[in-house]
1. List the residues whose amide H sits under 5 Å from the amide H of residue 201, counting only those 5 or more places along or on another chain, with H placed 1.01 Å from N in the peptide plane.
2. In whole Å, largest first, what are the principal axis extents of the Cα atoms in the range 365-476?
3. Report the paramagnetic label zone for residue 280: residues of the range 439-483 whose backbone N is under 17 Å from a point 7 Å from Cα along the Cα-to-Cβ axis.
4. The range 388-442: which chymotrypsin sites (Phe, Trp or Tyr not before Pro) are DSSP loop and have at most 10 other beta-carbon atoms within 10 angstrom?
5. Each label point is 7 Å from the Cα along the Cα-to-Cβ direction; what then is the distance between the points at residue 399 and residue 385, in nm?
6. On the first, second and third principal axes, largest extent first, how far apart are the outermost C-alpha atoms of the chain in Å?
7. Let's see if you can work this out: charge +1 on each Lys and Arg Cβ, -1 on each Asp and Glu Cβ, no other charges. What is the dipole magnitude of the chain about its Cα centre, in debye to the nearest 20?
8. Do any chymotrypsin sites (Phe, Trp or Tyr not before Pro) in the range 61-132 lie in a loop, going by DSSP, with at most 16 other beta-carbon atoms within 10 Å of their beta carbon, and if so which?
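Just so you know, all these numbers are worked out from the coordinates, no wet-lab data involved. Predicted model, so just to flag it, every value in this text is computed and none were measured. Glycine gets a Cβ as well: all are built from the backbone with ideal geometry, and neighbour counts include every protein chain shown.
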Amino acid sequence: MNAQVSPVLALQGITKRFPGVLALDQVSLDLYGGEVHMLMGENGAGKSTLMKVLCGAYQADAGEIVVDGQRVPMTSAADSRALGIAVIFQEYSLVPHLSVAQNIYLGREPLTRWGLIDHARMQADARAVLARIGLEIDEKREVQGLGVAQQQMVEIAKALAQNARVLVLDEPTAALSDREVQRLFELIAELKKQGVAMAYISHRMDEVFALGDRVTVLRDGKQVATMPAKAATPEELVTLMVGRKVDMSYHRGERPLAGDCLLEVHNVSCVNGIEDVSLKVHAGEIVGLSGLVGSGRTELARAIFGADKLTAGRMVFDGRTLKSSPTQSRQLGLGLIPESRKQQGLALLRTVCDNLLLAGLRKLFPLGVYQPAKAHTAARAQMAQLRIAAPGSHTQVQTLSGGNQQKIVIGKWLAAGCKLFIFDEPTRGIDVGAKEEIFALIDTLVRQGCAVLMISSELAEVVRVCDRAYVMKEHRIAGELSRDELSQENLLRLAMHHA
Ligand SMILES: Nc1ncnc2c1ncn2[C@@H]1O[C@H](COP(=O)(O)OP(=O)(O)OP(=O)(O)O)[C@@H](O)[C@H]1O
Ligand SMILES: [Mg+2]
C-alpha cells in the first residue's frame with residue numbers, strides 16, 4: 001500500500017437527522033487512494049446515510065466534506081460526479097424502461113458533432129464496459145427485463161464507466177453469486193492498483209478481511225471504531241457493531257425427523273423456462289435450493305407458488321392439487337417471500353404496522369373488524385422479536401434502512417401462519433446479529449411442523465441451515481444432496497457441472 005499523506009476525500013464531523021432519528025452523529029471518515037475502507041454496522045446504523053451524504057444525495061446538518069484538501073459544497077449528485085465520485089447504491093437505482101446502455105451513460109451520453117446522442121458509440125462503449133466485468137448481456141435490452149443479479153452488475157458497470165477516483169459500494173455482492181463476486185473482487189483489486197479510493201459497505205465478515213485495508217464500525221449513528229482490517233478479529237467487530245456479545249453458533253442442531261410429505265412437484269415445466277422439475281418437501285424440513293444466479297431458482301419458486309403458469313406436470317400441496325394460482329396457494333398456506341423487496345415485498349408508503357400485518361390480517365382479525373390498538377401491539381411485538389430499528393410502528397417503511405425493510409418482508413410472512421414458506425434469499429442485506437435471529441425463528445417454525453424451501457446464494461448458509469438441498473442448473477434440477485453430502489464443494493460442483 002502506498003503511504004499517502006492526505007486523503008482523496010474526507011468526511012469531517014458529519015451529523016444527519018431525520019424525524020425521530022439521529023442517523024449520524026459527528027462521523028468522520030478518510031478515504032485514501034488505493035485503499036478499500038470497509039463500513040460495518042447493524043441494520044439502521046447509518047452506513048447508507050453516510051454514503052448518501054458523501055455523494056450529495058442527502059445534505060448533512062453539520063460537518064464538512066473535503067476533497068483534495070479543499071472544502072467542497074456537496075449539494076447534488078451532479079456535484080459529486082464532477083468531483084469523480086461514483087456510487088453503487090444498495091437500492092437499485094436504474095431506470096426500468098431504459099436500455100442497459102442508456103442506463104450506464106444516463107446523464108452523460110456521448111454526443112455526435114451535431115449535438116445529438118451518439119447511440120452507436122454509447123452502445124459500443126457499453127459493450128466494452130460489460131465485457132470488462134464479464135457480463136454477457138445485450139446492451140440494448142431494457143433493464144426491467146433483467147434479474148436482480150444482472151441489474152446489480154449493470155449498476156457496477158455504470159459506476160466503472162465513470163472512471164471515478166472515489167468509488168462507493170453499498171452491499172454490492174448481496175445479489176451476486178460466488179462467481180460474480182469473484183469477478184467483482186478482481187475488479188476492485190485492479191481499481192486499487194489504479195489508485196481509486198473505495199468505501200465498501202458489507203455485512204459479510206469474509207469480505208471485510210478479503211478486501212478491507214481499514215474498517216470503520218458505526219453503531220446507532222456513532223462512529224465506534226476505525227482501525228486497520230489486519231488489526232481486527234471477527235468477534236471483535238461483531239461486538240463493536242452490536243454493543244454486546246452475539247451467539248453466532250446457530251446451526252441446525254438435531255431436529256426430529258421430517259414428517260409427512262407437504263409438497264410434491266412432479267415433472268413441472270413452466271412458461272418462465274423451468275424444465276421438467278420434480279422435488280419434495282416434508283413437514284419439519286428446511287430444504288435448500290442452490291445454484292448459480294440465473295440457474296432458475298427464482299423461476300422455480302414462482303412456478304410452485306403459481307405466479308407463472310405451468311406448461312406441464314402437476315403439484316400436490318398438503319393433499320390438494322395446486323391449481324397454479326397465487327390466491328389458492330396463499331389460502332392453502334403456501335407463502336412466497338420474494339427476493340426483490342422493493343418491487344414485490346413491501347408497500348413502501350404504508351406504515352411498518354400495516355406491512356407487518358398485511359399477510360396475517362385475517363388471522364389477527366377473524367371477524368374482519370380492524371382494531372388499530374391490537375394491530376400496533378402485535379406489530380410492536382414483531383418489531384422487538386426481529387429487532388427492527390424504526391422510530392415506531394407508525395413509521396413509513398420507505399424511510400427504513402435496507403436491512404430493516406428486509407426484516408419487515410420476513411416478519412410479515414412469519415406472521416401469516418403458512419405451512420410452507422419459500423424464502424428467496426432471506427438474509428440478503430441482513431446484519432450478523434439479526435441473521436442468527438432469523439435462522440432461530442425459522443428453526444422454531446420448522447420444529448412446529450412447518451417447512452421451508454430456501455433459495456440462497458451463500459453456500460455456507462445452505463450448508464449450515466438446511467437439512468438437504470437441491471441444486472439447479474439451466475432451469476433444471478442438477479442434483480440433490482442429503483444432509484451427509486451437503487458441503488460447499490458438492491453444491492458448487494453440481495451447480496457448475498458440465499453435462
Ligand atoms: N429518508 C429518510 N427518512 C427518514 N429516516 C431515514 C431516511 N433514510 C434513513 N433513515 C433512517 O436513518 C437511519 C440509518 O439508516 P441507513 O439507511 O443509513 O442504515 P444502514 O446502516 O445503511 O442500514 P442497512 O444495513 O439496513 O442498510 C435508520 O434509522 C433509517 O430509518
Ligand atoms: Mg444501508
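1. Amide H neighbours of residue 201, under 5 Å, 5+ apart: 39, 169, 170, 171.
2. 47, 32, 25
3. It comes to 451-453, 467-471, 479-483, nothing else.
4. none
5. 2.6 nm
6. So the three principal-axis extents are 69, 52, 44 Å.
7. 1140 debye
8. 114
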